[in-house]
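Below is one structure, written out as structure tokens, with a few remarks after it.
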Amino acid sequence: MSGARIRVVDPNPLITVQDAGRRGAMRFGVSESGPMDWVRYRLAGRLVEAPAAIEVGLGGARIAAEGTVRVAVTGPGFTVKVGETTLTPPARLTIPDGEVMTITPGRTGMWAYVTVEGIDFGPPVLGSYATNARTGFGRRDLAAGFACAAVNATAPELFDDPYDDTGPVAVLPGPQQHMFPPAIRERFASEPFRLSPALDRMGYTLEGPRVEAISHDIVSDGIVEGAMQVPGNGQPIVQLADRAPTGGYPKICVIAAADRPRLAQRRPHEEVRFRWIDIEEAGRRRRALMDAIAHPAPRIRREFDPEILARVNLVGGVWGHPEHTG
Amino acid sequence: MAWLDGATLRPSGEAAFVIEYGEEIDQTVGQRVAGLYAAISAAAPEGFVEAVPTFRSLLVLFDPDVTSKDAILAALPEESADAAAATTEWIVPACFDADVAEDLEEAARNLDLPPDTVRERLAASHYQIGMYGFAPGYAYMSGIDQSLTLPRRQKPRPPIPAGSIIMAAGMAVLCSVSMPTGWYVVGRTALTLFDPDRDPMVPFAVGDRLTFEPVSREELERLAREGNGLRRAS
């Protein structure tokens with residue numbers, strides 16, 4: 001068989017195709033889109049190279065293979081099941097012909113990524129495969145599926161996740177930082193916020209201390225990913241992948257690129273704290289991550305595995321095999 | 001004159017910055033932003049990603065592992081006197097009849113003006129594309145006669161067709177997508193504002209100016225079938 005096919009069984013709205021993002025037409029109102037977690041997106045692409053990934057949200061996903069296919073799955077807290085095998089990502093594995101891979105969210109984490117060897121998503125739209133969930137721009141028929149490469153079945157390989165999702169989220173000054181008095185900026189970085197249930201690929205809303213600006217109404221200007229807008233109610237909205245390119249609330253800060261997944265992978269009602277950093281620290285953190293992604297480390301088991309233990313002959317292990325005992 | 005004269009540089013994280021010419025809507029500023037957009041896009045070093053012009057500022061995005069704010073600014077040429085020539089002036093046929101300008105009469109009542117006066121002022125205004133946002137090709141315009149300023153309507157209306165003209169808090173908007181709106185629908189054009197397969201994908205650049213030429217409902221329908229009737233002002 002020269003080709004194979006994968007398709008998403010019963011796709012839900014949180015499953016989309018994403019590449020690094022759609023650039024070059026933001027000035028015409030075209031949203032950038034792209035992955036919510038660029039680190040896990042890039043890691044999936046490093047484990048199995050593909051022009052774009054399938055992003056999976058809290059609804060999980062079932063992906064069926066016709067022909068054996070090679071995939072990489074990344075995403076914190078998620079589990080991957082194929083047949084009787086259950087794995088925790090990051091993992092590289094094959095889905096045997098006719099089988100279904102199930103991706104299920106765990107108790108933490110919001111977004112998982114699947115890359116498929118040799119996958120053909122069809123023509124890009126304005127140079128990108130990214131889907132804008134808000135407008136449907138670039139959307140593809142996931143249920144109809146995509147052609148991809150047929151491979152030979154191999155044992156799964158597990159890798160270290162190079163990212164720590166816990167801890168405060170580092171921020172840099174935003175274009176309207178001057179509209180927030182110093183005491184407000186300090187308080188913003190010393191008190192906890194909670195993620196409100198009002199969140200999607202466009203943005204995450206925060207609940208917490210009121211972040212007050214001199215004015216909450218500005219003549220709109222451009223918005224980058226991670227920019228934090230503060231409307232009149234003082235409850236910030238972090239603008240994420242599917243954001244509109246322009247907006248009219250003052251922006252106190254921009255989440256450092258290296259810390260964006262930390263926010264994006266947090267769930268509604270979870271706590272989040274912010275801390276100010278400078279451009280140099282942001283650069284160091286970003287480059288360290290890119291290095292870690294470029295050299296994915298095979299996972300070394302640190303925990304006790306009762307299943308393996310049950311299979312080994314403890315006596316033989318201690319005394320050695322007869323042929324070695326002379 | 002240098003592009004940065006009178007400008008304020010604002011930070012926007014590690015991969016972007018903003019060149020701001022003012023805090024209010026001003027068509028002279030809009031013109032200068034359009035010129036700056038053209039200059040920075042033409043001269044920018046490798047690592048420049050794109051720039052987003054708005055009513056009063058330019059957001060510049062770059063790859064911080066390839067270039068820097070300083071390198072992009074250093075590559076800017078002097079500001080030339082004919083920077084404004086980078087923009088185009090357009091005439092756009094538009095129908096202001098009641099059946100396609102569904103909220104015009106309600107707007108006129110709320111403004112305490114005869115509906116025909118509202119139509120005349122819509123047609124006499126000199127608009128400028130201030131920015132795109134909300135959706136692809138969704139164009140915010142300055143220059144609407146300020147006597148036509150109204151707050152949002154009490155209730156949003158069901159989706160309006162793409163090509164509609166709406167009045168929004170001292171601005172006018174050309175709608176590229178069918179959508180519900182809480183603002184006043186005061187006219188319709190035969191324009192397809194966004195088409196990813198067309199070059200350019202939108203007919204107007206930020207900074208371009210336009211006026212509406214009133215046409216009948218029949219003429220609007222003919223234009224919708226046979227082309228949008230858009231033309232450059234001589």
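Brief remarks on what is shown
- Residue in segment A:76-84 that is open to solvent by 10 Å² or more (accessible area, probe 1.4 Å) and β-branched (Val, Ile, Thr) present: yes
- For segment B:176-228, the strands (runs of 3 or more DSSP E) that sit wholly inside it and include 3 or more residues that are more than 14 Å from B:Ile91 (Cα to Cα) are B:179-181, B:184-189.
- Single match in A:Ala4, A:Ala25, A:Ala72 (criterion: open to solvent by less than 30 Å² (accessible area, probe 1.4 Å) and within 19 Å of A:Ala143 (Cβ to Cβ)): A:Ala4
- Selection status of B:Asp103, away from chain A (no Cβ under 14 Å), in contact (Cβ under 8 Å) with a residue 40 or more places away in the chain and surrounded by 14 or more Cβ atoms within 10 Å (Cβ to Cβ): yes
- Annotation note: Cβ proximity below 8 Å between a residue of segment B:178-200 that is closer than 19 Å to B:Ala101 by Cβ and a residue that is assigned to a strand (DSSP E or B) and open to solvent by 20 Å² or more (accessible area, probe 1.4 Å) (sequence gap 6+ or interchain) occurs for B:Ser178/B:Pro159; B:Met179/B:Pro159; B:Pro180/B:Arg157; B:Pro180/B:Pro158; B:Pro180/B:Pro159; B:Thr181/B:Arg157; B:Gly182/B:Arg157; B:Val185/B:Arg157.
- Filtering segment A:256-293 to residues that are surrounded by fewer than 17 Cβ atoms within 10 Å (Cβ to Cβ) and under 13 Å from the mean Cα position of the chain (by Cα) leaves only A:Arg267.
- Within segment B:43-82, tally of residues that are facing chain A (nearest Cβ under 9 Å), open to solvent by less than 50 Å² (accessible area, probe 1.4 Å) and among the acidic types (Asp, Glu): 1
- Residues of segment A:44-62 that turn out to be within 22 Å of A:Arg299 (Cβ to Cβ) and hydrophobic (A, V, I, L, M, F, W, C), as a count: 6
- Looking across segment A:215-237, the residues that are of a type in the set (A, V, I, L, M) and modelled with pLDDT under 95 come down to A:Ile218, A:Val219.
- Of note, A:Arg42 satisfies the criterion of being closer than 27 Å to B:Val49 by Cα, within 14 Å of chain B (Cβ to nearest Cβ) and touching a residue at least 12 places away in the same chain (Cβ under 8 Å).
- Evaluation of B:Tyr37 against the conditions (1) within 29 Å of A:Pro250 (Cα to Cα); (2) open to solvent by 10 Å² or more (accessible area, probe 1.4 Å); (3) touching a residue at least 60 places away in the same chain (Cβ under 8 Å); (4) out of contact with any strand residue (DSSP E or B) (no Cβ under 7 Å at 6 or more places or on another chain) shows that the sole unmet condition is (4).
- Residues in segment A:209-234 that are hydrophobic (A, V, I, L, M, F, W, C) and in contact (Cβ under 8 Å) with a residue 40 or more places away in the chain: A:Val211, A:Ile218, A:Ala227, A:Met228, A:Val230.
- Checking each residue in segment A:97-116 for being within 19 Å of the chain's Cα centre (by Cα) and open to solvent by 50 Å² or more (accessible area, probe 1.4 Å) picks out A:Thr104, A:Arg107, A:Thr108.
- B:Arg32 meets all of the listed conditions (1) more than 9 Å from chain A (Cβ to nearest Cβ); (2) crowded, with 22+ Cβ neighbours inside 10 Å; (3) part of a loop (DSSP other than H, G, I, E, B) but one, namely (3).
- Of the criteria (1) over 21 Å from A:Arg140 (Cβ atoms); (2) open to solvent by 50 Å² or more (accessible area, probe 1.4 Å), which one A:Thr94 fails: (2)
The values are calculated or read from the model by the stated rules, or taken from the named source; none is laboratory data. Bear in mind that the values here come from a model prediction, so they are computed numbers and not experimental data. A quick note on method: Cβ atoms are made from the backbone with ideal geometry, for glycine too, and the neighbour counts reach across all protein chains shown. Note: accessible area is taken over every heavy atom of the protein model, side chains too, but ligands, DNA and RNA are not part of it. Shrake-Rupley method; radii C 1.70, N 1.55, O 1.52, S 1.80 Å.
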